[in-house]
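Undergrad: Before I ask anything, let me first share the structure, which is written out below as structure tokens.
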Amino acid sequence: MLNFTLRRLMYTIPTLLLISFIIFIVLDLAPNDPTGNLPLTIPPEVRAKIRASLGLDAPMYIRYLLWCQQFFINEPLNLFNEWFGWCIGDCEGRLRVTSWATRSPVVDLIAERMPQTLWVVGMSYVVGIMIALPIGVISAYKQYSWFDQFGTLIAMIGFSVPTFFTGVLLIVIFSVWMPNDSFFWLPSIYDTTLDVVDWDSFVKQMRQMIMPVMVLALYNAAQISRFMRASMLDNLSQDYVRTARAKGLKEKTVLLVHVLRNSMIPVVTVIALGIPQVFGGAIITEQIFKVNGLGQLLIIGIQGADIPLVQTLTFLFAVLIVLFNLVADVLYGLLDPRIRYD
Amino acid sequence: MTLKYLIAGTLGAALLSTTAFGESHMAQGRDGNVNIIYWQAASIMNPYLSGGTKDINASSMVIEPLAHYDENGAMVATLVDEIPTVANGGVSADLTSITWTLSEGLLWSDGSAVTSADVVFTANYCMDETGGCQQLAKFGGVESVEAIDDLTVKITFDGPKPFPYGPFVGSTTPILQAAQFADCMGVAAPTCTAQNFGPIGTGPFTVTEFRANDAITLAANPNYRVAGKPAFATVNFKGGGDAAAAGRAVLETGEFDYAWNLQLAPEILADMESKGVGTVLSSFGPLVERIMINMTDPSAALGDERSTVAHPHPFMSDMAVRQALSMAIDRPLLVEIGYGQAGKVTCNVLPAPAIYDSPNNAGCEMQDIAGANALLDAAGWERGSDGVRSKDGVRLSILYQTSTNAVRQDFQALIKQWWAEIGIETELKNISGGVFFGGDQSSPDTFQKLFADLEMYANNFDGTDPEAYMARWACGEIPSPENAWLGGNMPRHCNADYDAMVAEMGGTADLAERARLAIAMNDMLMQSYTIIPLVHRGNVSGVVNTLEGVKLNAWDSELWNIADWSRSE
Amino acid sequence: MTNATAEIKDDRKYRSLWGDVWSQFRTHRGAMIGSFVFIGILLAVSIGPYLWTLDPNYADVRNRNQGMSWGHPFGTDQLGHDMLAQVLQGGRISIAVGLTAMMLSLVLGTFVGVLAGYFKRLDGILMRGTDLFLALPILPLLLVIIMLFRDTLRGMFGPETGIFILIVFIIGITSWMQTARIVRGDVLALKEREFILAANSIGTPARRVISRHIMPNILSPIMVSATLGIATAIITESSLSFLGLGFPSDFPTWGRLLFDGTQRIAQAPSRVIFPGLAISLTVLSVNFIGDGLRDALDPRIRGR
């Protein structure tokens, strides 16, 4: 198992390099332009100069190698410098990966947005899983009962209604129709500058998180509960379940120890594969509630053709995706000893 | 012209000082916090590195130019006592130099004195070739900027400059503090993150926290030059979301006090306003939504010569077709559906300032389908069996492109229908704004390449002088592969008389004469139907009812007078 | 397992596989209702526009923003388009996109998943390829694909079909990875089961093992993916239109109608209710059909 994990980790290095290169090509080919969103009053000659000052007139491979150097060498060195105070090489004049729109280091921008994304999107994922697993288990165990039918209906509504609709609906109900002084009134705009220092600010933080978390949790729960239910159903009709029951095991033991453990295998994949999306943020929901997390950073970067920003962000997502795929594979082995990695 | 600006300038300054005097007994920061929402978040506080409206507006609270435009488009002295003109000797008689004199006793927010060295530094900062300064056009023709003494700056141009108010007038070119930005010249400009996020300024507020593309927190500047201002102690400048959400936050829930650019359907805006929490303000600059007709052939079969002057357009070169396209459009309906109080019908591509607005093209507001049909019949365009007109095998089938935007798509749908009624077939295409307005050489979808029969977008100019704006439609400005598709003459309009008028305007200082030329140029474009104007668009903002002193300004930053804002009880 | 209601039949009578599936499917109440609803929606969008003859693209500007009435049962939009006609017309495109894109992603995903799970040699390369696709930034990728192929396809198939092919292709190739991962996981687990070992030990060729033994056992995750896939495809299409990458603006689709309506949710609720209902009903009915099929296709449930 350890061997397998180590070997897979080795494989990830060339994979990630290839991914970073392909991302770069895609971004470079895309017909977007960093000067595209500037006011039209800026004349074309000035635009050409701006482009040149961003280094866009250099050949593609030079720009790629430059990014590699900045990302793989300069950024880690800078981290060392900030965390431990070690200074290796030229600490002041070192070129870091810099966003074109904000002219500030991309890594700092990402660090600034991490908290709200983890709070909101991460929390919604946890809430979603906590809702989805019991629903999936019960609706499979009592297949075609009213609970199952109702669960299916809710799950499908959660899945078929886009978040841009549920989000706006919640805002209209809880922010617009609800009187401002009522207990149930919720803010429609997420305040990222809020510091949680005491009970009041904690309550404020919770209130502003309720709507985005619920919108996303409904969406996540819908998906995961469907997979959970299907997987449970598959296992419930297996011979080992009949054997276990025949042995006289308690129904609870059969269900929660035997069936659940086996059913978790595909569900764990789905959950593990979804975690990188937590870091990716939820573009639409973040937009609707003005959470301004990583998803919003990415979409602004894409719209503004901010290549260093988009390249770095998507590459970090790629790292997460590859890592969590590995985690999912390792979990397979742990949950199902029959799968052998050799 | 000079007289007008002189009067406006002194009047503005006088007004400013009286109000300052009247309120001087009131303390700065008495009204607490004001919440502003921009649905496009500010990414930097340095307009020289980002020309985006959101960034210019955000930075205008902190750093200021020598003079502003007020809500009527008149110049107002900001860091100087009076606007230099030929009459007061500030502008040399041969129009080649302008001399600004800073007010006495101005302080930066860190307490140091504002000197002419700061102004000179700012000019050099932007004019540095390697810095990628986005306001470089404002410094066009500037030969040198020199400090005469501590408070006097002389800007010399390389030739007569009838309108010398490019540099340091308006929020796009504010003064930076030389001491703070000294290490940020040229290639180092983008690396100065701390400076670009928190410039030291003379404006009413200073940055306390800057979160790029998210939120900015600002506090009142203790060294602000007017006592008792600003009335607010802090500003929370939030970005993100969309126009509908911003409108809701101000007009319906009242969570925020001011919302920028509420480009929403009129009935939605009216419904939000009816909640009684806030009001919608609008103001008009020179922004015009227009259709640009491609006078050259965009056919893909032409390869490299696509949309170049080498091949005239097979049917758009017929003026009857262009005129019919314009006549079939119901402009009042477009305004009503798309913009409401934020739009006006216009028959000119240059509708403002008022002295440049041509009176000669009235009548376009009447839709005339029958007249358009008659015109096309007379020109020999016969309807085929499918209802589409053709002549000599050329079918009137149009590709109509624009950027992605709900209102523009509504306009496309309506106009397509009207054109169908006059026997013209239309195919619609919308392209995401970043690509359409971007200058990517490899993309076929940019508005400069115009690989379509016509395109729709809006454009305007900075400040109040239309010279550079009207010069766009000269022959030399036609985008083509030779000039890497750089150029502002999208319709590929080319007329020697027009070019002559452009040249004449470049050497004319008299305001009335300049207005006459601008109107003549506008009329030439309108009467040849090369550009079809649709809507004169305004800025729309939402203001909560308890916020006082907001004067929406289409000529400068919307937050230009935030120092005068206050909270009513 | 709980609905052991299928009657016991005479074993000597000839029974085809699909006959069995059908008789099992019929006993699934949800699936039958779902089928009727889905067929109803299909009929409505295919025949509807011939019965409700108002042109969905005719802007009757004087009658814009109308509520529900006899002349316009679903009301009209901000340009005076008849919403019923728009919903019917939009359904054609949305359902066509949803079904074809789902099929494409399902075939791709299952193919890659089965190969990777079954053949150890291919596993590494295929799964790294899947990682690659998961890691690609979708939006810039779309911009590239559309820029490269829009004009070519438009020239070859005309504006509508060209864009249709492009969108189905885009949704298909950006959504198969989940299915592939899940299928692979199931195949990995199945491969270690005794009946596969038995099949291998008597020399059954891999092709047959996959088609006879693996495929029927992984149908349920595939069915779930399929039903979720239709919803995702319909919604992805709407976000594409929103970004200006979808169909031209004069082609209504359910997703776009819903998106347009969301802005006016407080003023005209009917603008969101009808397209929203159409999407939800479609997804719901397809899901129930999927459930029924899953049960009917599962040899362990069928016939009990």
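The values are calculated or read from the model by the stated rules, or taken from the named source; none is laboratory data. Predicted, not measured: the structure shown is a model, and the values here were computed from it. Because the Cβ atoms are built from the backbone with ideal geometry, glycine has one as well, and the counts that use them run over all protein chains shown.
Undergrad: Of everything in region C:159-196, what is surrounded by fewer than 18 Cβ atoms within 10 Å (Cβ to Cβ), under 23 Å from residue C:236 (Cβ atoms) and not β-branched (Val, Ile, Thr)? Give them in sequence order.
TA: C:160, C:169
Undergrad: Residues that are among the aliphatic types (A, V, I, L, M) and within 16 Å of residue B:533 (Cβ to Cβ): does region B:292-310 have at least one? Outline the logic, then answer.
TA: We begin by selecting, within region B:292-310, every residue among the aliphatic types (A, V, I, L, M); these are B:292-293, B:295, B:300-302, B:309-310.
Now narrow it down to the ones that are within 16 Å of residue B:533 (Cβ to Cβ): B:292-293.
Yes: one or more hits.
So that you can scan it fast, the table gives a plain yes or no per residue for (1) within 13 Å of another protein chain (Cβ to nearest Cβ); (2) among the basic types (Lys, Arg); (3) closer than 25 Å to residue B:409 by Cα; (4) surrounded by 18 or more Cβ atoms within 10 Å (Cβ to Cβ):
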{"residue": "C:37", "(1), (2), (3), (4)": "yes, no, no, no"}
{"residue": "C:42", "(1), (2), (3), (4)": "no, no, no, no"}
{"residue": "C:59", "(1), (2), (3), (4)": "yes, no, yes, yes"}
{"residue": "C:70", "(1), (2), (3), (4)": "no, no, no, no"}
{"residue": "C:73", "(1), (2), (3), (4)": "no, no, yes, no"}
{"residue": "C:79", "(1), (2), (3), (4)": "yes, no, yes, yes"}
{"residue": "C:83", "(1), (2), (3), (4)": "no, no, yes, yes"}
{"residue": "C:93", "(1), (2), (3), (4)": "no, no, yes, yes"}
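Undergrad: With the condition kept exactly as written, say whether any residue in region C:73-89 is outside any loop (DSSP other than H, G, I, E, B), without any contact (Cβ under 8 Å) to a residue 40 or more places away in the chain and touching a strand residue (DSSP E or B) at 6+ places or on another chain (Cβ under 7 Å).
TA: yes
Undergrad: Continuing with the same structure: Failed condition for residue C:133, given (1) farther than 20 Å from residue B:443 by Cβ; (2) surrounded by fewer than 17 Cβ atoms within 10 Å (Cβ to Cβ); (3) within 13 Å of chain A (Cβ to nearest Cβ), with all others met?
TA: Checking residue C:133 against (1) farther than 20 Å from residue B:443 by Cβ; (2) surrounded by fewer than 17 Cβ atoms within 10 Å (Cβ to Cβ); (3) within 13 Å of chain A (Cβ to nearest Cβ), the one that fails is (2).
Undergrad: Please work out which one of (1) outside any loop (DSSP other than H, G, I, E, B); (2) touching a residue at least 12 places away in the same chain (Cβ under 8 Å); (3) more than 19 Å from residue A:46 (Cβ to Cβ) is the condition residue B:500 fails and give its number.
TA: (2)
Undergrad: Please list, ordered by residue number, the strands (runs of 3 or more DSSP E) wholly in region B:331-447 having 1 or more residues that are more than 30 Å from residue B:261 (Cβ to Cβ) and within 14 Å of another protein chain (Cβ to nearest Cβ).
TA: On the way: elements: B:343-345, B:389-391, B:397-403, B:425-431.
The qualifying strands (runs of 3 or more DSSP E) are B:397-403, B:425-431.
Undergrad: If you don't mind, another one. Out of all the residues in region B:268-312, which are among the β-branched types (Val, Ile, Thr), crowded, with 18+ Cβ neighbours inside 10 Å, closer than 30 Å to residue B:568 by Cα and within 26 Å of the chain's Cα centre (by Cα)?
TA: Passing the criteria: B:268, B:280.
Undergrad: Give me the residue from region A:22-63 that is of a type in the set (A, V, I, L, M, F, W, C) and outside any helix (DSSP H, G or I) and, out of that set, surrounded by the most Cβ atoms within 10 Å (Cβ to Cβ). Break it down stepwise before answering.
TA: Of the residues in region A:22-63, the ones of a type in the set (A, V, I, L, M, F, W, C) are A:22-27, A:29-30, A:38, A:40, A:42, A:46, A:48, A:50, A:52, A:54, A:56, A:58, A:60, A:62.
Subset that is outside any helix (DSSP H, G or I): A:30, A:38, A:40, A:42, A:54, A:56, A:58.
Working: A:30: 27, A:38: 22, A:40: 15, A:42: 20, A:54: 21, A:56: 18, A:58: 11.
Checked region A:22-63; the qualifying residue surrounded by the most Cβ atoms within 10 Å (Cβ to Cβ) is A:30.
Undergrad: What are the residues in region B:423-463 that are within 30 Å of residue B:139 (Cβ to Cβ), without any contact (Cβ under 8 Å) to a residue 40 or more places away in the chain and hydroxyl-bearing (Ser, Thr, Tyr), if any? So that I can check it myself, show each step before the final result.
TA: Residues of region B:423-463 within 30 Å of residue B:139 (Cβ to Cβ): B:433-441, B:443, B:446-450, B:457-463.
With the extra rule that they be without any contact (Cβ under 8 Å) to a residue 40 or more places away in the chain, the set shrinks to B:433-438, B:440, B:443, B:446.
Hits for region B:423-463 are B:443, B:446.
Undergrad: Exactly one condition in (1) at the interface with chain A (Cβ under 9 Å from one of its Cβ atoms); (2) buried (at least 18 other Cβ atoms within 10 Å of the Cβ); (3) closer than 21 Å to residue B:399 by Cα is false for residue C:141; which is it?
TA: With (1) at the interface with chain A (Cβ under 9 Å from one of its Cβ atoms); (2) buried (at least 18 other Cβ atoms within 10 Å of the Cβ); (3) closer than 21 Å to residue B:399 by Cα applied to residue C:141, the lone miss is (3).
Undergrad: For region A:191-209, does any single residue satisfy the condition of being of a type outside the set (Ser, Thr, Tyr), within 14 Å of chain C (Cβ to nearest Cβ), touching a residue at least 40 places away in the same chain (Cβ under 8 Å) and under 23 Å from residue A:126 (Cβ atoms)?
TA: Within region A:191-209, the subset of a type outside the set (Ser, Thr, Tyr) is A:191, A:194-200, A:202-209.
Checking the rest, the ones that are also within 14 Å of chain C (Cβ to nearest Cβ) come to none.
No, that holds for no residue.
Undergrad: Further question: Looking at the structure I just gave you, is residue C:100 at pLDDT 80 or above, surrounded by fewer than 19 Cβ atoms within 10 Å (Cβ to Cβ) and touching a helix residue (DSSP H, G or I) at 6+ places or on another chain (Cβ under 7 Å)?
TA: yes
Undergrad: Give region A:103-149 a look and list any residue that's more than 24 Å from residue A:215 (Cβ to Cβ) and touching an Asp or Glu at 6+ places or on another chain (Cβ under 7 Å), or say none.
TA: Within region A:103-149, A:107, A:142 qualify.
Undergrad: Give, as residue ranges, the helices (runs of 4 or more DSSP H) completely inside region C:154-261 that count at least 3 residues that are more than 14 Å from chain B (Cβ to nearest Cβ) and either under 30 Å from residue A:322 (Cβ atoms) or under 23 Å from the mean Cα position of the chain (by Cα) (or both). I'd like the intermediate steps shown before the answer.
TA: Details: elements: C:177-191, C:194-201, C:219-242.
Here the list reads C:177-191, C:219-242.
Undergrad: OK, next. Quick one: in region B:227-253, of everything that is surrounded by fewer than 24 Cβ atoms within 10 Å (Cβ to Cβ) and modelled with pLDDT of 90 or more, which residue is farthest from the other protein chains (Cβ to nearest Cβ)?
TA: Among those residues, the one meeting the criterion is B:233.
Undergrad: Checking the condition under 28 Å from residue A:195 (Cβ atoms), over 17 Å from the mean Cα position of the chain (by Cα) and either within 14 Å of another protein chain (Cβ to nearest Cβ) or among the hydroxyl-bearing types (Ser, Thr, Tyr) (or both), which residue from A:167, A:136 passes?
TA: Details: A:136 fails: under 28 Å from residue A:195 (Cβ atoms).
The unique qualifying residue is A:167.
Undergrad: Where the second residue is among the acidic types (Asp, Glu) and the first is at pLDDT below 85 and lies in region A:244-272, which pairs have Cβ atoms under 7 Å and are six or more apart or on separate chains?
TA: Within 7 Å, the pairs are A:265/A:336; A:266/C:186.
Undergrad: Determine, yes or no, whether residue A:19 is facing another protein chain (nearest Cβ under 7 Å), part of a helix (DSSP H, G or I) and farther than 30 Å from residue B:53 by Cβ. Don't jump to the end; show me each part of the working.
TA: Numbers: facing another protein chain (nearest Cβ under 7 Å): yes; part of a helix (DSSP H, G or I): yes; farther than 30 Å from residue B:53 by Cβ: yes.
For residue A:19, the condition - facing another protein chain (nearest Cβ under 7 Å), part of a helix (DSSP H, G or I) and farther than 30 Å from residue B:53 by Cβ - is met.
Undergrad: Do we find that residue B:288 is assigned to a helix (DSSP H, G or I), at pLDDT 90 or above and among the aliphatic types (A, V, I, L, M) in this structure? Show your work before the answer.
TA: Numbers: assigned to a helix (DSSP H, G or I): no; at pLDDT 90 or above: yes; among the aliphatic types (A, V, I, L, M): yes.
Judged against the criteria, residue B:288 is not a match.
Undergrad: While we're looking at this one, here's another question. Kindly indicate whether residue C:180 is more than 24 Å from residue A:329 (Cα to Cα) and of a type in the set (A, V, I, L, M). Steps first, please.
TA: Values: more than 24 Å from residue A:329 (Cα to Cα): no; of a type in the set (A, V, I, L, M): yes.
So residue C:180 does not fit the description; no.
Undergrad: Do the conditions hold for residue A:282, that is, is it away from chain B (no Cβ under 12 Å) and modelled with pLDDT under 80? Give the derivation first.
TA: Details: away from chain B (no Cβ under 12 Å): yes; modelled with pLDDT under 80: yes.
Answer is yes for this residue.
Undergrad: Which ones in region B:352-387 are free of Cβ contacts under 8 Å to residues at least 40 places away in the same chain and touching a strand residue (DSSP E or B) at 6+ places or on another chain (Cβ under 9 Å)?
TA: Correct list: B:365, B:377, B:380, B:382, B:384, B:386, B:387.
Undergrad: What about residue B:179, is it in a helix (DSSP H, G or I) and either small (Gly, Ala, Ser) or under 25 Å from residue B:467 (Cα atoms) (or both)? If you could, list the steps in order and put the result at the bottom.
TA: Values: in a helix (DSSP H, G or I): yes; either small (Gly, Ala, Ser) or under 25 Å from residue B:467 (Cα atoms) (or both): yes.
The answer is yes for residue B:179.
Undergrad: Can you find a residue in region A:135-152 that is within 21 Å of residue A:261 (Cα to Cα), touching a Gly at 6+ places or on another chain (Cβ under 6 Å) and touching a residue at least 12 places away in the same chain (Cβ under 8 Å)?
TA: yes
Undergrad: In region A:102-120, what residues are touching a Pro at 6+ places or on another chain (Cβ under 8 Å) and either closer than 19 Å to residue A:76 by Cα or touching a residue at least 60 places away in the same chain (Cβ under 8 Å) (or both)? Talk me through it step by step, then tell me what you get.
TA: Just the residues of region A:102-120 that are touching a Pro at 6+ places or on another chain (Cβ under 8 Å), to begin with: A:103, A:106, A:120.
Matches in region A:102-120: A:106, A:120.
Undergrad: Name the residue, out of B:173, B:217, B:206, B:202, that is among the polar types (S, T, N, Q), crowded, with 18+ Cβ neighbours inside 10 Å, part of a strand (DSSP E or B) and modelled with pLDDT of 90 or more.
TA: On the way: B:173 fails: part of a strand (DSSP E or B); B:217 fails: crowded, with 18+ Cβ neighbours inside 10 Å; B:202 fails: part of a strand (DSSP E or B).
Sole residue among the options that is among the polar types (S, T, N, Q), crowded, with 18+ Cβ neighbours inside 10 Å, part of a strand (DSSP E or B) and modelled with pLDDT of 90 or more: B:206.
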